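Asker: Dropping the structure in here first, questions after.
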Amino acid sequence: MLETTILLLKENQRNLFQKIKGAPILYFFFSAMMIFSVIMFGFLTLFLLRTEYEFSFFDVFFSLFFLFLLKSAADVHNLFIKSSQLSYALSTQVSHQKIIAHVFFSQFLINMGLWFFFSTLYILSIFVLNIAVNYPLEYLFITIGMAIALLVGPVLALFFFSSNRFRLVPSLLLLGFYWYSHEVVYVVCTLPLACLHLFWGIHHGMESFLFVKRKERVKERRTVRSQNILSALATREILTLWRDRLFFSFVFTAITTALFTGYFFLYGADILIPESIRSLAEQYLPSMFVFLGIYIVVIYTAVFPSLNLFLNEEKTMWILHHLPLPKYTIVVGKTLALLLCFITTIPFIAYISIFIGLQQLPFLIWVLMFSFLAGVIISLPLGAKYVGKKSDILLFYAVAMILFIVAGIAASAGKYLTRVTIYWPLFLCSILLVELLFLWLSALLSAKILKSNVLQI
Amino acid sequence: MITISNLTKRYGKIVALNQVSFTFENSQVIAIMGENGAGKSTLLKICAGILPFNQGEVIIDNYSLTKDSIEARTHIGYLPEMPELYDRLTGREFLFYIASLRKLAKASQIITELTDITGIKDFLDYELGSYSKGMKQKISLISAMMHAPKNLLLDEPVYGLDPPTSRTIQDFIRKRQGTTIIATHSTRLVEQVADVVYILMRGNVVLCDKVQTLLKKYQTIENAYFRCKDLQHA
């Protein structure tokens, strides 16, 4: 009875404990940030109530609903669709549907646990802030909504990775109905329909598992020849990014982020800020939107690939370790591949200049370059330290938070320099040069960490 | 030549290798046998420079693995038990990549020769992610041998290979000049190619002898292995 569920829950728990044991400082930092974020939401609630800003209950509900929908879809992808360990359970006499149901149930329990933990923390924080907490019906509705998200999300993941993607249509129609109705009660009433969706998903679940596991022979004919060491290392990274279609995704992100940033730069204050405090926010809000746009692009094109230079090498690191190469050469060779990632950010600059004009462009390019380099400087040693922790979202989150602070301070300081001196281009270039020195130090540190991974006595 | 002195490796509280010492002479084929978890793969990983150890010293052709790591690794070729490769590279790209990192002259010629021998030539332009286990094994074997290393470390070299390739590999091991260390469970492979056999149990060397001597005494290496195991239990 529920063997697979119990096993998955145990594995989940042990993985978490092992990660905490392996990187206690990082996890302490992350936990502190999470709790801090929830408490900040409490303060935000207080602030909005004080400014008499009327926020829509449905918007809050739908944001949470969407978050849990994505989380459950990702969990089912990891626990079932992509999982290779599950092959053992699926090869036993137990029916496939039953095992898939067990997997779904485990993700349901994990995510509901998270919901209750964070919602309780939020309620406690607003209780401490003396905000009246007496919305039992609303809480019940949101909880049922979260349960519906956890039932529909897995079905979306299943059919997205299936040969018959048209099966996604009913789920998408259901989501469309939720958005169109704009009523929490209507969403809650569809609980039986969501259950039906889940049964349908479980019934066809095995198709997705088999579809993802199919092996296709991919032929790539390319003139190959010997290269020098650095270019060989960089070329391998570039080939992987290219074949995983990541460069396209970087360019796409840069363009769409620029368009959204530009839109918010022009109209953000009118859309998002209550009229009572709009005049106060109007001075700094457009610059903040541009900074956030740059930050998102840098996170995607610098932090993500530079962390993955080593995080993705879980089982293949033996290749580089057993070759007669200095670790510093390995780090530099891999880092060179990031030059191409930087080129993918150029469309951001091109598109954002349409909205903000050319005058601000040199400073914007500087902020982008600074943030990109800072992202690489922070990510390299952490990636080298945690080689193989492939999808460690916590590590990614920690790097993102550090970068936010560093880039935020630098952008403010840079902006200040442009106001107080006419020689600001000289100062900004000097800062970039200093940053290059830090990049070199970061590469040295990463090499030292890599070396200590294999030659500790 | 590989000299190992008082090597200790611990995984937490478990002692994988307990102060073991070996001298692997030139032009010898040395087989390391032992039950699962005896420390065979650990020993090879340490010699290949991919696993840290707690105590002791490893000298490869007069170079210390800790002090002169790069020079030591220049003289090593290593085939892991389960070769994990870069899935998005083709076989050809991978071999040229290794050749570039090893600064190999005449890489193209060497790769053509070795891929002909192992029968993988027709699959060189396919991505490694689509290779079968045996094909991955062949590609890794080529990458381990392409720079003609003085010391070759092979972890289960014929496991997963088809019989003709397996025979070719055995012939190659027999004919080569340098030191070859094989970690294996296959008593047949040991009988056919090895000069000396070491049996490890729970991180300790419990037997070290010439294969011919053991064959005279026990008829087969399997008999020798079980005799050794019985003595340990007694």
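Asker: Quick one: which of A:E138, A:E220, A:E216, A:E207 is crowded, with 16+ Cβ neighbours inside 10 Å and at pLDDT below 90?
Answerer: Details: A:E138 fails: crowded, with 16+ Cβ neighbours inside 10 Å; A:E220 fails: crowded, with 16+ Cβ neighbours inside 10 Å; A:E216 fails: crowded, with 16+ Cβ neighbours inside 10 Å.
Going through A:E138, A:E220, A:E216, A:E207 in turn, the sole match is A:E207.
Asker: Please specify each residue of the stretch A:118-135 satisfying the condition of being surrounded by 13 or more Cβ atoms within 10 Å (Cβ to Cβ), outside any loop (DSSP other than H, G, I, E, B) and in contact (Cβ under 8 Å) with a residue 60 or more places away in the chain.
Answerer: The answer is A:F118, A:L121, A:Y122, A:S125, A:I126.
Asker: Looking at A:I378, is it crowded, with 22+ Cβ neighbours inside 10 Å and assigned by TED's automatic domain parsing to the domain that holds A:I294?
Answerer: Here the answer is yes, as A:I378 does meet what is asked.
Asker: Which one is surrounded by the fewest Cβ atoms within 10 Å (Cβ to Cβ) among residues in the stretch A:172-203 that are assigned to a helix (DSSP H, G or I) and among the hydroxyl-bearing types (S, T, Y)?
Answerer: Of all residues in the stretch A:172-203, those assigned to a helix (DSSP H, G or I) come to A:172-181, A:184-189, A:191-203.
Now drop any that are not among the hydroxyl-bearing types (S, T, Y), which leaves A:178, A:180-181, A:186.
Details: A:Y178: 24, A:Y180: 9, A:S181: 14, A:Y186: 12.
Top of the filtered list is A:Y180.
Asker: Taking the conditions exactly as written (more than 10 Å from chain B (Cβ to nearest Cβ), closer than 27 Å to A:Q107 by Cα and either touching a residue at least 24 places away in the same chain (Cβ under 8 Å) or in contact with a strand residue (DSSP E or B) (Cβ under 6 Å, 6 or more places away or on another chain) (or both)), does A:F247 satisfy them or not? Write out each step before concluding.
Answerer: On the way: more than 10 Å from chain B (Cβ to nearest Cβ): yes; closer than 27 Å to A:Q107 by Cα: no; either touching a residue at least 24 places away in the same chain (Cβ under 8 Å) or in contact with a strand residue (DSSP E or B) (Cβ under 6 Å, 6 or more places away or on another chain) (or both): yes.
Against the criterion (more than 10 Å from chain B (Cβ to nearest Cβ), closer than 27 Å to A:Q107 by Cα and either touching a residue at least 24 places away in the same chain (Cβ under 8 Å) or in contact with a strand residue (DSSP E or B) (Cβ under 6 Å, 6 or more places away or on another chain) (or both)), A:F247 does not qualify.
Asker: While we're looking at this one, here's another question. Taking the stated definitions as given, is A:I144 under 29 Å from A:V60 (Cα atoms), over 28 Å from the mean Cα position of the chain (by Cα), surrounded by fewer than 19 Cβ atoms within 10 Å (Cβ to Cβ) and assigned by TED's automatic domain parsing to the domain that holds A:F209?
Answerer: no
Asker: Here is a follow-up. For the stretch A:430-457, how many residues are free of Cβ contacts under 8 Å to residues at least 24 places away in the same chain and more than 28 Å from the chain's Cα centre (by Cα)?
Answerer: 8
Asker: From A:K448, A:K385, which residue is under 23 Å from A:I319 (Cβ atoms) and within 14 Å of another protein chain (Cβ to nearest Cβ)?
Answerer: On the way: A:K385 fails: within 14 Å of another protein chain (Cβ to nearest Cβ).
From the options A:K448, A:K385, the qualifying one is A:K448.
Asker: Filter the strands (runs of 3 or more DSSP E) completely within the stretch B:116-210 down to those with at least 2 residues that are more than 14 Å from the chain's Cα centre (by Cα).
Answerer: In the stretch B:116-210, the matching strands (runs of 3 or more DSSP E) lie at B:196-201, B:204-210.
Asker: Could you grab me the full set of residues in the stretch B:34-62 that are in a strand (DSSP E or B) and either within 10 Å of chain A (Cβ to nearest Cβ) or more than 14 Å from B:N6 (Cα to Cα) (or both)? Please lay out each step first, then the result.
Answerer: Keep residues of the stretch B:34-62 that are in a strand (DSSP E or B), which gives B:34, B:55-60.
Residues satisfying the conditions are B:G34, B:Q55, B:G56, B:E57, B:I60.
Asker: Right, next: Return the residue satisfying two criteria in turn: it lies in the stretch A:172-215 and is touching a helix residue (DSSP H, G or I) at 6+ places or on another chain (Cβ under 6 Å) and hydroxyl-bearing (S, T, Y), and of such residues it is farthest from the other protein chains (Cβ to nearest Cβ).
Answerer: A:Y178
Asker: Okay, moving on. Out of A:L309, A:L338, A:L325, report the one residue that is crowded, with 21+ Cβ neighbours inside 10 Å, within 14 Å of another protein chain (Cβ to nearest Cβ) and not charged (D, E, K, R).
Answerer: Only one candidate passes the filter, namely A:L309.
Asker: What helices (runs of 4 or more DSSP H), lying completely within the stretch A:282-363, carry at least 1 residues that are more than 26 Å from B:I76 (Cβ to Cβ)?
Answerer: By residue number, A:285-298, A:304-311, A:327-336, A:338-343, A:346-356.
Asker: Additional query: Against the condition touching a Leu at 6+ places or on another chain (Cβ under 9 Å) and at pLDDT below 90, how does A:I378 come out, does it pass?
Answerer: When the stated conditions are applied, A:I378 does not pass them.
Asker: If the requirement is being surrounded by fewer than 16 Cβ atoms within 10 Å (Cβ to Cβ), at the interface with chain A (Cβ under 8 Å from one of its Cβ atoms) and modelled with pLDDT of 90 or more, which of these qualifies: B:E113, B:E71?
Answerer: B:E71
Asker: Considering every residue within the stretch A:162-176, establish whether at least one is over 18 Å from A:G205 (Cβ atoms) and either hydroxyl-bearing (S, T, Y) or not assigned by TED's automatic domain parsing to the domain that holds A:A73 (or both).
Answerer: Checking the stretch A:162-176: not a single residue is over 18 Å from A:G205 (Cβ atoms) and either hydroxyl-bearing (S, T, Y) or not assigned by TED's automatic domain parsing to the domain that holds A:A73 (or both).
Asker: Among the candidates A:I402, A:I409, A:I422, single out the residue that is within 17 Å of the chain's Cα centre (by Cα), surrounded by fewer than 21 Cβ atoms within 10 Å (Cβ to Cβ) and of a type outside the set (F, W, Y).
Answerer: Values: A:I409 fails: within 17 Å of the chain's Cα centre (by Cα); A:I422 fails: within 17 Å of the chain's Cα centre (by Cα).
Of the residues listed, the single one that is within 17 Å of the chain's Cα centre (by Cα), surrounded by fewer than 21 Cβ atoms within 10 Å (Cβ to Cβ) and of a type outside the set (F, W, Y) is A:I402.
The values are calculated or read from the model by the stated rules, or taken from the named source; none is laboratory data. What you are looking at is a predicted structure, and each value in this text was computed from that prediction instead of being measured. In this analysis, Cβ positions are derived from the backbone assuming ideal geometry, glycine residues included, and neighbour counts consider all displayed protein chains.
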